[in-house]
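Below: the structure, in structure tokens.
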Amino acid sequence: MKIYLDPGHGKSSKGYHGANGNGIQEDIMNLEIAKKLNILLKGNGHITHMSREDEKNISIADRCLEANKLEYDIFLSIHCNSAENALAQGFESIYHPGSSKGKKLSDCIFNEVVKTTCKDHRSSRVDTRNLGVLVKTRMPAVVIECGFISNIFEANLIKQGCYQWLICEGIANGIEEFIRNSEN
């Protein structure tokens, strides 16, 4: 399986790098998590490509164009969430409303992350904001929100390498479950 990994955001020329919260810059955390996931996916025999491997920003259009042109089978955009409500918490996976395969992938990933982290989470849910990476890709695509960096408890978890590995293990297991289900 060819899997395109997109560590969301990156540092733009205007200095924007995603959300900030409790000492975490989202673009840097997204990259850390995506690099760990990349190791697991390659270990499972998948061909992977990362949209970025440093802090540079790549436009959404360019990320989607590259994934479509190279005919990847799965597109995953890795993010951390933030909210004004400092109590908001939980992992969630988001899919395009018109993609039944995207929904299946999102559900598989969400269910496996719940298992590996042994924690209550939000949901696998449909995109209500018309997210570019879900609209412009031609393969099953999921936006993964690894937790809320605006929540001090969750931010402290997300900072820990061992928790990042648990999230990545859940995502990787979810992809394997999706593949098994697709073969039936």
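The values are calculated or read from the model by the stated rules, or taken from the named source; none is laboratory data. Being a predicted model, the structure only gives us computed values, none of them experimental. Here the Cβ is made from the backbone with ideal geometry for all residues, glycine too, and neighbour counts use every protein chain on show.
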(Q) Restricting to region 130-165, name every residue that is of a type in the set (A, V, I, L, M) and outside any loop (DSSP other than H, G, I, E, B). (A) VAL133, LEU134, VAL135, ALA141, VAL142, VAL143, ILE144, ILE152, ALA155, LEU157, ILE158
**Q.** Selection from region 91-129 of residues that are part of a strand (DSSP E or B) and closer than 20 Å to GLU26 by Cβ
**A.** GLU92, SER93, ILE94, ARG125
Q | Cβ pairs under 6 Å, 6+ apart, first in region 109-129 and surrounded by 17 or more Cβ atoms within 10 Å (Cβ to Cβ), second modelled with pLDDT under 90 | A | VAL114/HIS121
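Okay, residues lined up against (1) among the charged types (D, E, K, R); (2) touching a residue at least 60 places away in the same chain (Cβ under 8 Å); (3) exposed (fewer than 15 other Cβ atoms within 10 Å of the Cβ):
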position: ASP6; (1), (2), (3): yes, yes, no
position: GLY10; (1), (2), (3): no, no, no
position: GLU32; (1), (2), (3): yes, yes, no
position: LEU37; (1), (2), (3): no, yes, no
position: GLY45; (1), (2), (3): no, no, yes
position: ILE60; (1), (2), (3): no, yes, no
position: CYS64; (1), (2), (3): no, yes, no
position: SER82; (1), (2), (3): no, yes, no
Q: Could you please find all residues in region 44-90 being acidic (Asp, Glu), out of contact with any helix residue (DSSP H, G or I) (no Cβ under 8 Å at 6 or more places or on another chain) and in a loop (DSSP other than H, G, I, E, B)?
A: GLU71, ASP73, GLU84
Q. Which residue, of GLU92, GLU55, is at negative phi, in contact with a strand residue (DSSP E or B) (Cβ under 9 Å, 6 or more places away or on another chain) and modelled with pLDDT under 95?
A. GLU55
